[in-house]
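A.B. asks: Quick one: structure below, then a few questions.
The values are calculated or read from the model by the stated rules, or taken from the named source; none is laboratory data. From a predicted model like this one, the values you see are computed outputs, not experimental measurements. Don't worry about glycine lacking a Cβ; one is built from the backbone with ideal geometry, like all the others, and counts go over all protein chains shown.
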Amino acid sequence: MFKVLKTLCIGALTVSAAATAAHAEWPKDRPIEIVVAFAPGGSTDVMARAMQPFLEKELGAKTVIVNKPGASGEIAYTYLSQAKPDGYTFSFINTPGYLSMQVQRKLRYDPKSIQAVARIVDDPTAYVVKADSPIKSLKDLIAQAKAKPGSVSVGTSGVGTDDHLAMILLEQAAGVTLTHVPFPGAGETRTALLGGHITTGGLNVSEFAGGDLSTIRPLVTFGDKRSPEAPDVPTAKEEGFEVFMSSERGLAARRDIPADIRAKFSEAVKRVVESPEFKEEAKKLALPLAYLSGEEWEQQMPKRLQSFQDIWNKTPWVQ
């Protein structure tokens, strides 16, 4: 009996030592996977790849960006929730989609299993048209929608995303009916717009500001004031419509990853966002940096979730 107990104890100690050693090696024993919930070319993907070399430097480790688009982000968030809680899988999360899907349907993952690590940007929603479009303003867009109900189509990055919810609020504010056309990401929305398949496309300011505007023209932003990255673009409020919407983007992990790993990763992200070198890169990409710690961001989420619940109660966006 003594020999059996001794063998079991030695085995347990060996397993424990191995687990501790693996924990201690984080994050250098293998690449850290960072998931993006939308297709390549969109604002989240661009931001992730811009941050990647800075984050690798701070962590002293390699990372790999993995795009898992679809279902307005649910595929990526489900993937994160099912990953091992070992600190080798993180994901960008985007609001409002991350919150609004909790209102609109039963999810394949438990939102309580995911914890925010840091908010990085708060990017105003905007609508753009082709450069040669006869629509010159938001008022023109609304006038066409009133003259021909349903004729104005709005391309978005998915059901329940910021550009979709902006459309719903605009319908309510203006008393019009718009046709929703969801896509996997902003890149596909832009392609459809340039191909003449939709009237207007929902983008975030960072997805056009400072870039080539020879083929598209921004109509309006839905911030509470003009965006510093697009100061010449009026807000919906200026056009007479009290509609406000933006996309917050940041990083999250499984809630049950080791606390010290979460803290190290969070601190590394903060150092990246605060570094002059990354700030310069963010400026080039028109990224509206708005850092919050994971705790601060999560404290804000219930109020925003309730606002989406209020929209749903009045106008469910999925029948």
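Residue by residue, here is whether (1) assigned to a strand (DSSP E or B); (2) modelled with pLDDT under 95; (3) within 18 Å of the chain's Cα centre (by Cα) holds:
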position: Phe92; (1), (2), (3): yes, no, yes
position: Ser100; (1), (2), (3): no, yes, yes
position: Val103; (1), (2), (3): no, yes, yes
position: Lys106; (1), (2), (3): no, yes, no
position: Val117; (1), (2), (3): yes, no, yes
position: Ala126; (1), (2), (3): yes, no, yes
position: Val129; (1), (2), (3): yes, no, no
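A.B. asks: Need pairs with beta-carbon distance below 8 Å; first residue β-branched (Val, Ile, Thr) and within the range 251-262, second assigned to a helix (DSSP H, G or I) and surrounded by fewer than 21 Cβ atoms within 10 Å (Cβ to Cβ); sequence gap 6+ or separate chains.
C.D. replies: Final answer for the pair search is Ile261/His23.
A.B. asks: Now for a separate question. Among the residues of the range 179-193, is any modelled with pLDDT of 95 or more, part of a strand (DSSP E or B) and among the hydrophobic types (A, V, I, L, M, F, W, C)?
C.D. replies: Yes, that holds for at least one residue.
A.B. asks: Can you tell me which residue among Leu213, Leu170 is closer than 18 Å to Lys136 by Cβ and at pLDDT below 95?
C.D. replies: Going through Leu213, Leu170 in turn, the sole match is Leu213.
A.B. asks: Has the range 230-243 got at least one residue that is out of contact with any strand residue (DSSP E or B) (no Cβ under 6 Å at 6 or more places or on another chain), of a type in the set (Gly, Ala, Ser), over 27 Å from Lys130 (Cβ atoms) and assigned to a loop (DSSP other than H, G, I, E, B)?
C.D. replies: no
A.B. asks: Now for a different question. Kindly state which helices (runs of 4 or more DSSP H) lie completely within the range 1-85 and contain at least 2 residues that are at pLDDT 85 or above. Walk me through how you get there before you give the answer.
C.D. replies: On the way: elements: 2-25, 43-59, 74-82.
Ranges flagged: 43-59, 74-82.
A.B. asks: Turning to a different aspect of this structure: Kindly indicate whether Gly250 is outside any loop (DSSP other than H, G, I, E, B), in contact with a Gly (Cβ under 6 Å, 6 or more places away or on another chain) and either among the hydroxyl-bearing types (Ser, Thr, Tyr) or at pLDDT 95 or above (or both).
C.D. replies: Here the answer is no, as Gly250 does not meet what is asked.
A.B. asks: Hey, can you tell me all the residues within the range 294-305 that are surrounded by 12 or more Cβ atoms within 10 Å (Cβ to Cβ) and over 16 Å from the mean Cα position of the chain (by Cα)?
C.D. replies: Answer for the range 294-305, where residues must be surrounded by 12 or more Cβ atoms within 10 Å (Cβ to Cβ) and over 16 Å from the mean Cα position of the chain (by Cα): Glu295, Glu296, Gln299.
A.B. asks: Of all residues in the range 177-213, which are closer than 17 Å to Gly160 by Cβ, crowded, with 22+ Cβ neighbours inside 10 Å and among the β-branched types (Val, Ile, Thr)?
C.D. replies: Listed by number, the list holds a single entry, Thr189.
A.B. asks: Give me the residue from the range 123-136 that is surrounded by 19 or more Cβ atoms within 10 Å (Cβ to Cβ) and of a type outside the set (Phe, Trp, Tyr) and, out of that set, nearest to Pro85 (Cα to Cα). Don't jump to the end; show me each part of the working.
C.D. replies: Quick first cut of the range 123-136, residues surrounded by 19 or more Cβ atoms within 10 Å (Cβ to Cβ) only: 123-129, 135.
Checking which are of a type outside the set (Phe, Trp, Tyr) leaves us with 123-126, 128-129, 135.
Details: Asp123: 30, Pro124: 33, Thr125: 33, Ala126: 37, Val128: 41, Val129: 43, Ile135: 50 Å.
Only one residue tops the list, namely Asp123.
A.B. asks: Run down Lys146, Lys112, Lys136 and say which single residue is more than 30 Å from Glu281 (Cα to Cα), out of contact with any helix residue (DSSP H, G or I) (no Cβ under 7 Å at 6 or more places or on another chain), not assigned by TED's automatic domain parsing to the domain that holds Gly196 and not aliphatic (A, V, I, L, M).
C.D. replies: Only one candidate passes the filter, namely Lys112.
A.B. asks: Among the residues of the range 304-318, are any basic (Lys, Arg) and closer than 29 Å to Ala83 by Cα?
C.D. replies: So far as the range 304-318 goes, yes, one or more of its residues are basic (Lys, Arg) and closer than 29 Å to Ala83 by Cα.
A.B. asks: Then there's this: Just one of the numbered conditions (1) of a type in the set (Gly, Ala, Ser); (2) outside the structural domain of Asp86 (by TED's automatic domain parsing); (3) in a helix (DSSP H, G or I) is not true of Ala282; which one?
C.D. replies: Failing condition for Ala282: (2).
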